[in-house]
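Enquirer: Below is a structure I'd like to ask you about.
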Amino acid sequence: MTEPVHQDGVAAACGPLAHGEDVAAHFHDFGQLRYAASGALVTTTRAGTWVAPANRITWVPPFHVHSSRSHGETVLRLLRVPGALAARLPARPSVFAAGALLREAYLAVTEDHDPADGSRVRLLLEVVLTELARAPQEPLRLPEPDDPRLKAVTDLLHADPAGPATLAELGHRTGSSERTLSRLFGSELSMGFRQWRTLLRVQRSLLELCAGASVTDTAIRLGWANPGSFIEAFTDLVGQTPGRYRAAARVAAGALPALSA
């Protein structure tokens, strides 16, 4: 489907998107904030892949080509940020934690039918931008390769993040040597194969936890040998335990009003 954009105002609704539905790669000449009022959104650009459950807001700067995939039935609230204001946000795509004030101001402006240059819309947008400047950024950016040999491998990993295949086995399946692929992981992605796969699995675990899966079930489903190793990897990358993250996500989701597309 083509992502709808409300050209006459600052906001648009997109959805609901069915689980696994893709939005093809495209770009805008304005910045765009993307918030999943339900479900979760995975956004991919040349700079990497970001995961945004219902307690996160994704930022895509002007002219950045991006594609998306929904997880769960996903209702998006899109907020258009004019170029003059986009400079106040990061120069590359980012994901922010959505606190209560940020979330309420964001939902208010995306549901407002006043003119884009009206005083209420401008005030709400100012609150959103001010709160984003204070909001913590999600550290889990998954870098994506340009080299087709490496992309063939990462595509397999995206399709089956829990798979136990070694780099040598993946290389055999894609026609590249383990040595070449290992060199490409370091030169293109600045990390090793195991580190990249762990980051991918932790990203996917955010979706599982926010959907209500237990820590143990998430660990098993995503290929960890035991819950303890999953908890350790998750905590190192996210800065809190998966149990604490799951609890906070459930609180944030429970605080959301019922929204129609």
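Enquirer: Per-residue HN-Hα couplings for segment 226-243, Karplus 6.51 cos²θ - 1.76 cosθ + 1.60 at θ = phi - 60°, whole Hz, x for Gly and Pro?
Expert: Running phi through 6.51 cos²θ - 1.76 cosθ + 1.60 with θ = phi - 60° gives 7, x, x, 5, 5, 4, 5, 5, 4, 5, 4, 8, 9, x, 8, 5, x, x Hz.
Enquirer: Find, among the chymotrypsin sites (Phe, Trp or Tyr not before Pro) in segment 156-196, those assigned to loop by DSSP (not H, G, I, E, B) with at most 15 other beta-carbon atoms within 10 angstrom. Working shown, then result.
Expert: Numbers: sites: Phe185, Phe193, Trp196; in loops: none.
Answer by residue number: there is no such site.
Enquirer: Further question: Whenever you get a sec, compute what percent of the accessible area on the chain sits on carbon and sulfur atoms (1.4 Å probe). Kindly include the intermediate steps, with their values, before the conclusion.
Expert: Values: 6380 of 12150 Å².
Here carbon and sulfur together make up 53 percent of the probe-accessible area.
Enquirer: Continuing with the same structure: Counting only residues 5 or more places away or on other chains, whose amide H sits under 5 Å from the amide H of Phe30 once H atoms are built in the peptide plane?
Expert: Long-range HN contacts for Phe30: Phe63.
Enquirer: Rounding to the nearest 20 debye, state how big the charge dipole of segment 53-167 is about its Cα centre with +1 on each Lys and Arg Cβ and -1 on each Asp and Glu Cβ.
Expert: On the way: 13 positive and 14 negative charges, 46 e Å.
It comes to approximately 220 debye.
Enquirer: Distance in nm between label sites at Leu123 and Ala248, each 7 Å beyond Cα in the beta-carbon direction?
Expert: Placing both labels 7 Å along Cα→Cβ, they lie 3.1 nm apart.
Enquirer: Measure off 7 Å from each Cα along the Cα-to-Cβ vector at Asn226 and Arg134, then give the distance between these two points in nanometres to one decimal.
Expert: For the pair Asn226/Arg134, the computed spacing is 4.4 nm.
Enquirer: Apply the Karplus parameterisation 6.51 cos²θ - 1.76 cosθ + 1.60, with θ equal to phi minus 60°, to every residue of segment 53-65 and state each ³J(HN,Hα) to the nearest whole Hz, in sequence, with x for glycine and proline.
Expert: x, 5, 10, 9, 10, 9, 10, 10, x, x, 6, 8, 5
Enquirer: Is there a quick way to get the dipole size of segment 50-115? I mean about its Cα centre, with the Cβ of Lys and Arg at +1 and of Asp and Glu at -1; what is the value in debye to the nearest 20?
Expert: For segment 50-115, the charge dipole is close to 340 debye.
Enquirer: In whole angstrom, how far apart do the alpha carbon centroids of segment 144-198 and segment 40-71 sit?
Expert: 22
Enquirer: Can you tell me the accessible area per residue over the chain, all protein chains present, probe 1.4 angstrom, in square angstrom?
Expert: On the way: 12150 Å² over 261 residues.
Dividing the accessible area of the chain by its residue count gives 47 Å².
Enquirer: Could you run the Karplus curve 6.51 cos²θ - 1.76 cosθ + 1.60 with θ = phi - 60° over segment 18-31 and give me ³J(HN,Hα) per residue in whole Hz, x for Gly and Pro?
Expert: Here the 3J(HN,Hα) series is 5, 4, x, 6, 9, 10, 5, 4, 7, 8, 10, 8, 10, x Hz.
Enquirer: Right, here's the next one. For the chain, what is the relative contact order in percent, using Cα pairs closer than 8 Å and at least 6 residues apart in sequence?
Expert: Values: 451 pairs, mean separation 47.2, N = 261.
Value for the chain: 18 percent.
Enquirer: Now a separate question. Based on the Cα atoms of segment 145-189, what semi-axes does the equivalent ellipsoid have, where each is the square root of 5 times one gyration tensor eigenvalue, given in whole Å with the largest first?
Expert: 15, 12, 9
Enquirer: May I pose another question? For the pair Thr235/Thr216, report the inter-label distance in nm, with labels modelled 7 Å from Cα in the Cβ direction.
Expert: Spacing of the two 7 Å Cα→Cβ label points: 1.8 nm.
Enquirer: Further question on the same structure: Which order do Arg221, Arg179, Arg56, Arg141 take by accessible area at a 1.4 Å probe, largest first?
Expert: My answer, sorted largest first, is Arg179, Arg221, Arg141, Arg56.
The values are calculated or read from the model by the stated rules, or taken from the named source; none is laboratory data. From a predicted model like this one, the values you see are computed outputs, not experimental measurements. Using ideal geometry, Cβ is built from the backbone for each residue, glycine included, and neighbour counts are taken over all protein chains shown. Side chains are part of the model used for accessible areas, which takes the heavy atoms of the whole protein and leaves out ligands, DNA and RNA. Shrake-Rupley method; radii C 1.70, N 1.55, O 1.52, S 1.80 Å.
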